[in-house]
């Protein structure tokens, strides 16, 4: 019984850590990336059939330096 306050504090600390990690930018970015990849594959298979392939290639670092990030206009064109 003497350890009950410690257990309660630990449970609250675990809950706080869990709730913070759910909104961590790195975790959210990974979830969005997985969802986008899944959507791209589903869309590709629906549009092109079972023989659809999605490839992701590395980009030349020099090209990446000068490339503009995708904006709202590019996103609208891609959808």
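Values in this text are rule-based calculations from the coordinates and carry no lab data. Predicted, not measured: the structure shown is a model, and the values here were computed from it.
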Which entry in [x] 9.9; [y] 8.1; [z] 4.7 is this structure's computed mean projected area of the Cα convex hull in nm²? [x]
Which residue, 54, 21, 11, tops the fluctuation ranking in a GNM of the chain built on C-alpha contacts under 10 Å? 11
Between helix 25-48 and the chain: long-axis angle, C-alpha atoms, 0 to 90°, nearest 10: 40
Choose one answer from 67, 38, 29: the residue with the largest mean-square fluctuation in a GNM of the chain with alpha-carbon springs under 10 Å. 67
So the angle from the long Cα axis of helix 4-22 to the longest Cα principal axis of the chain, reported in degrees to the nearest 10, equals 10
